[in-house]
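Undergrad: Structure below; questions to follow.
The values are calculated or read from the model by the stated rules, or taken from the named source; none is laboratory data. Note that this is a predicted model, so its numbers are computed, not measured. Quick reminder, even Gly has a Cβ in these numbers, built from the backbone with ideal geometry, and neighbours come from all protein chains shown. Calculation scope for accessible area: heavy atoms of the full protein, side chains included, ligands and nucleic acids excluded. Shrake-Rupley method; radii C 1.70, N 1.55, O 1.52, S 1.80 Å.
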Amino acid sequence: PRAGVRAHGHREPEDGSGGGVTPFRRLVQLLFLGLFLLLVLLTLFPGGERIPADRFLLLDPVMALGAMLSARTLLPLGLLLPAIVILISTVLLGRFFCSHICPLGTLQDLVAPAVRRKNARMQPPEGWRRGKYLVLTGLAAAALWGVNLTLFAAPLVLAARLVILVLLPALQFLLQPLALLPGAGALLPEQAMQPLRYSTIFFHVLFFGALFGALAAAPRFWCRYLCPTGGLLALVGRFPLLPRRVGDACTECGKCLPRCPMGAIDAGHPNRIAAGECITCTTCSLVCPEQAVSFALAHHGMETAPLAMPGRRQTGLALVGGFVLAFSARRDLGEYWPEGESGNIMPEGLVRPPGALPEEIFLRLCTRCGLCIKACPTNMLQPAGWPTGLSPLFSPLAVSRRGPCAPECALCGRVCPTRAILPLSLEEKTWAKMGTARIIPGKCIAWEFDKPCLICDEACPYDAIRLVPAPGLKVAVPVVDEHKCAGCGWCEYRCPVVPSAAVQVEPMGALRLREGEEYVRRARELGLDIRRADQREAPAQPWEGQEGALPPGFSD
């Protein structure tokens, strides 16, 4: 066998980190990772509407293609342009996106030395590389039947959820004791003092723990074997204009083999590489003692090895798998797809952010990136959990009991990368009715116990709750005027009744329009009058039934 290469074409064990990272590549990686983190962190209210965090996520072509294919529509050119630039650049330069830009890839490189032992001998079979193409095929098949499942695999979506749903809450929890120090309120921003709590956080901790734990088996395990974006870019960048070439000075020492983070170099022929697997990290050129490896325009000296592509049977099984997942999502009784059929069951908790498109198109376009969840200043938006079914999984739900919708905030639509939530002005957002509050008399302090309670009335910013006399009761009781209710959830959030509030927001009456329609005009056509209380004229009589008198409870 050649020096450094085992017989029968087996690779030497890898050192766990891919070693020999060029200073330029590490600098570029850290710059893009820092930019990504900064954009996510600055997605705050107020001021976050000027932060283009959504544009960074649109660099992922699989995310954009999955949304368009499942929704059977084209995204605006301005939203598609980042992915187009990445695809064209990959044709010219190869899979540089994976080695220099992708934050999930960078995080794997940074974590790998702590996870994988030096000279670790565990190495998955080469056939596992087909996995990323099979995942890509399965996602495309599901999208053809109208179900967007890129949430499970698109790397920038995963990176965003990792930061938003795991790392930021973990960092806040770690620094929680600092909030007890004197003067901490003056040093830390108000939002940093509020505890971030998200549903599905346990699942995400396990998922990302497994993703990074897999680095013990191989460096960049996700990129090599499972990433659908890596599979797409491997197909697009098989013949780059700047390929790896090996000069005559090569002694076939094999030192580049264990250093390649993707294991793309042929063990039997170190001067040959699977071009689609190479991520243009240039590590091999750095560690070559003879300086025989370069990345240049000329194709002289370049030998390419075939990609580990799946066979017809495996591809067929991936297509069937995508169809089965789509079938399970579209025909399960518990999932809501408003297709106009009778007997369609809408979950009572299906309250979406203001400006969300109609449910069917919303589910197809939403990437579950979590940017709207991060942007919500009251922690109201939560990722949907498993009880909602497969198709709405991790999509944003408005949980009013956790927090209300701030009337002065419309940031969720500004940060949505695929416009599943429309970017509305504050005026339009006010009229984008999320649902309707409903009083539960059997739980209400006033209705059930005949005791004065005015909290929901005082909390409503739209003057949609009024107090009226009720037969047999001494105190005034709250009722909801559905024509004024925006479904913002302030009443539910402030209600003192536990465990569940005596007033709850349901999706009944929600106004969800397609892009291009006007919320104010459509709401008025429906007879709605959703205005802030300070925009209304003071009522002539403070309480119906007793002219000039305050209702019971105001004086107590």
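Undergrad: Pairs LYS443/LYS484; LYS374/LYS429; LYS429/LYS484: which are spaced more than 21 Å apart, C-alpha to C-alpha?
TA: Distance filter (> 21 Å) returns LYS443/LYS484.
Undergrad: Then there's this: Determine the per residue accessible area of the chain with all protein chains present and a 1.4 angstrom probe, expressed in square angstrom.
TA: Heavy-atom SASA per residue in the chain reads 45 Å².
Undergrad: For region 404-501, treating each Cα as an identical point scatterer without solvent, what Debye log10 I(q)/I(0) comes out at q = 0.24 1/Å?
TA: Debye output, listed in q order: -1.22.
Undergrad: What list of ³J(HN,Hα) couplings, whole Hz, do you get for region 437-453 from phi and the Karplus terms 6.51, -1.76, 1.60, once you set θ to phi - 60° and write x for glycine and proline?
TA: 6, 10, 7, 9, x, x, 10, 5, 4, 6, 5, 8, 10, 6, 10, x, 8
Undergrad: Of all the accessible heavy-atom surface of the chain, with the other protein chains kept in place and a 1.4 Å probe, what percent is carbon and sulfur?
TA: In the chain, the share of accessible area belonging to carbon and sulfur is 62 percent.
Undergrad: Given 0.36 nm per residue, what is the gain on full extension from GLU408 to ALA533 after removing their alpha carbon distance, in nm?
TA: 43.7 nm
Undergrad: Hey, got a sec? Which chymotrypsin sites (Phe, Trp or Tyr not before Pro) in region 374-449 land in a DSSP loop and have at most 14 other Cβ atoms within 10 Å?
TA: none
Undergrad: Region 327-380 to region 232-309: how many Å between their Cα centroids?
TA: Rounded to whole Å, the Cα centres lie 46 Å apart.
Undergrad: Let me ask you something else. Figure the gain on full extension for ARG26 and LEU144 (residue separation times 0.36 nm, minus the Cα-Cα span) and round it to one decimal in nm.
TA: That pair, ARG26 and LEU144, stretches by 38.6 nm at full extension.
Undergrad: Additional query: With N set to the number of residues, divide the alpha-carbon radius of gyration of region 261-371 by 2.2 N^0.38 Å and report two decimals.
TA: 1.86
Undergrad: Another question, then. For region 231-277, what is the convex hull volume of its Cα atoms per residue in Å³?
TA: 80
Undergrad: Okay, next question. Taking H as built 1.01 Å from N, whose amide H comes closer than 5 Å to the amide H of ASP463, not counting residues under 5 places away?
TA: ALA533
Undergrad: What residues qualify as long-range amide H neighbours of VAL505, i.e. H under 5 Å apart, gap of 5 or more or another chain, H built at 1.01 Å from N?
TA: ARG438
Undergrad: Please state the charge dipole magnitude for the chain, taken about the Cα centre, from unit charges on C-beta atoms (+1 on K and R, -1 on D and E), reported in debye and rounded to the nearest 20.
TA: So the dipole magnitude of the chain works out to roughly 2300 debye.
Undergrad: Could you give the longest part of the chain that holds none of the GluC sites (Glu not before Pro) found in DSSP loops with at most 14 neighbouring Cβ atoms within 10 Å?
TA: 1-289
Undergrad: Rounded to the nearest 500, what is the chain's calculated 222 nm mean residue ellipticity when only DSSP H runs of at least 4 contribute -39500 (n - 2.57) each, over all residues?
TA: It comes out at -10000 deg cm²/dmol, rounded to the nearest 500.
Undergrad: Quick one: compute the contact order of the chain, relative version, from alpha carbon pairs under 8 angstrom and 6+ residues apart, as a percent.
TA: 16
Undergrad: Using θ = phi - 60° and the Karplus form 6.51 cos²θ - 1.76 cosθ + 1.60, what ³J(HN,Hα) does each residue of region 146-154 get, whole Hz, x for Gly and Pro?
TA: Whole-Hz 3J(HN,Hα) from phi for region 146-154: x, 10, 8, 10, 5, 4, 7, 9, 4.
Undergrad: Near the amide H of ALA275, under 5 Å away, which other amide H atoms are found, from residues 5 or more places off or on another chain, if H is placed in the peptide plane?
TA: Distant-sequence amide H within range of ALA275: ALA305.
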